[in-house]
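Enquirer: Following this message is one structure expressed as structure tokens.
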Amino acid sequence: MIPPRLHAALDAVSAALLVLGPAAMKRNAGLRAPLTAIGLGVAAYSLATSYRGRSPGRPIRMDQHRLLDAAQGAACLALARDVDDQTVRTMLRGYGAFSLAVAAASSPPGPTGIAVPAEAWTIDLGDDLACLRCGIVNVAFIGAAGAGDRDWYLVDAGVPGSAAAILQAARRRYGASRPAAILLTHGHFDHVGALHHLAETWDAPIYAHPAEHPFLTGRQAYSPAAPEVGGGMMVELSWLFSRHPIDVSHHLRALPEDGRIPGLEDWRWIHTPGHTPGHVSFWNAGTRALLAGDAVITTRQESLRGALMPQAHLQGPPAYFTPDWAAADLSVRRLADLEPRIMVTGHGPALQGDALSERLHALATTFRQRALPNDSRYLRQPS
């Protein structure tokens with residue numbers, strides 16, 4: 001974490017370069033005004049920042065300052081796309097990346113989680129289960145390879161733009177067969193990115209918990225992100241992530257109240273709220289396989305490295321998008337009591353064996369110490 005005094009010095013240098021640099025530009029004169037405006041903005045919010053705790057007359061907290069650093073970095077990257085001059089474009093990209101890096105490096109530590117030994121990682125999920133990574137998120141296929149038409153299920157629908165990858169994986173595993181349904185753990189943007197396209201392509205129903213339906217019928221947006229939780233670049237960028245509802249009303253169905261999944265006898269759904277009100281996990285008692293969604297994950301999702309290059313580390317739900325920590329705590333306890341032998345989560349590698357069960361119990365019993373962030377608006381007021 002960058003010390004406050006160094007951060008203040010970097011802000012001063014950045015503001016000076018942005019204000020004075022454009023005056024020396026002979027080409028791209030159109031950039032002078034926006035760059036000068038960004039520089040003056042940096043100077044203004046830096047002077048108003050309380051770098052050490054709270055200071056009278058300085059209303060901007062460091063978590064808000066980091067958001068502004070990330071925003072001006074993103075603005076410079078956006079400006080660079082429309083610049084023809086290679087030198088200027090490189091400078092804008094470099095400064096934008098620098099600003100984002102400073103925001104991430106200034107982020108306080110996120111939830112610590114629990115380390116997982118390498119022997120717990122697995123790609124062998126048995127005959128009835130498969131997993132596909134789509135960018136920063138996983139989707140799962142329930143049903144043996146070669147299953148017939150309407151004899152298999154898709155769990156979640158990836159990030160936007162992942163429809164082609166999911167369809168290709170489905171064709172490799174099931175040929176031309178269509179799923180019986182698409183099952184949703186929850187409706188966050190990274191789990192429903194290809195949902196509408198897939199449901200239309202396969203003419204498949206979508207099953208979700210009734211408490212999640214407002215977010216899937218266009219009626220309600222999710223709670224705002226909490227970038228103050230700390231942990232890395234994903235946190236600092238979380239305010240950019242979509243929380244708007246989608247509308248898949250035509251295909252949407254409610255999961256039965258008794259925990260059944262229509263047509264899927266060996267599996268049950270379990271209500272695991274906290275990350276979202278209607279979050280569910282899917283459980284097969286016979287194989288002791290658990291699809292946990294984001295109720296518990298297996299990588300440090302708050303950091304960009306953890307999101308893009310997952311390394312097994314058992315965590316609570318992604319902290320920047322979790323509005324009810326008391327419910328999340330109970331949900332992890334509920335999943336630990338199942339003692340799964342195989343677990344696929346929404347983010348991170350699949351795990352198996354005794355190490356999985358032991359560490360899931362450890363996370364449940366130390367949830368407040370290892371899964372909660374040090375700061376979040378939702379620790380003070382759940383949403």
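Enquirer: Let me check against my output: what whole-number percent is the relative contact order of the chain, with C-alpha pairs under 8 Å and at least 6 apart?
Expert: The value is 15 percent.
Enquirer: Which order do the peptides 207-218, 83-94 come out in when sorted by mean C-beta neighbours inside 10 angstrom, highest first?
Expert: For the peptides 207-218, 83-94, the packing ranking is 207-218, 83-94.
Enquirer: Then there's this: Can you tell me, using C-alpha contacts under 8 Å and at least 6 residues apart, the relative contact order of segment 217-348 as a whole percent?
Expert: This gives 26 percent for segment 217-348.
Enquirer: Quick one: grab the alpha carbon gyration tensor of segment 78-175, order the square roots of its eigenvalues as a ≥ b ≥ c, and give me rounded if a/c is under 1.5, else prolate or oblate depending on whether a/b is larger than b/c.
Expert: Judged from the Cα gyration tensor, segment 78-175 comes out oblate (a/c at least 1.5, b/c at or above a/b).
Enquirer: Now for a different question. Suppose every K and R has +1 on its Cβ and every D and E has -1 on its Cβ; what is the size of the dipole of the chain about the Cα centre, in Debye to the nearest 20?
Expert: In total the dipole reaches around 1360 debye.
Enquirer: Roughly speaking, what is the centre-to-centre gap between segment 30-97 and segment 195-261 when only Cα atoms are used, to the nearest Å?
Expert: So the separation of the two Cα centres works out to 32 Å.
Enquirer: Net charge within 15 Å of His275 by Cβ-Cβ distance, Lys/Arg positive one each and Asp/Glu negative one each, not counting His275 itself?
Expert: Net charge in that neighbourhood comes out at -4.
Enquirer: Now a separate question. Rounded, prolate or oblate: which one fits segment 226-383, using the alpha carbon gyration tensor with axes a ≥ b ≥ c (rounded when a/c is under 1.5, else prolate when a/b beats b/c, else oblate)?
Expert: Here segment 226-383 falls in the oblate category.
Enquirer: Same structure, new question: Rg and Dmax of segment 326-383, using alpha carbons, in Å: what are they?
Expert: Cα only, segment 326-383: 12.7, 37 Å (Rg, Dmax).
Enquirer: I want to verify a result. In a Gaussian network model of the chain, Cα cutoff 10 Å, which of these has the top mean-square fluctuation: Gly21, Gly143, Gly353?
Expert: Gly21
No lab work stands behind these numbers, since they all come straight from the coordinates. As the structure is a computational prediction, the values presented were derived from the model and not from experiment. In this analysis, Cβ positions are derived from the backbone assuming ideal geometry, glycine residues included, and neighbour counts consider all displayed protein chains.
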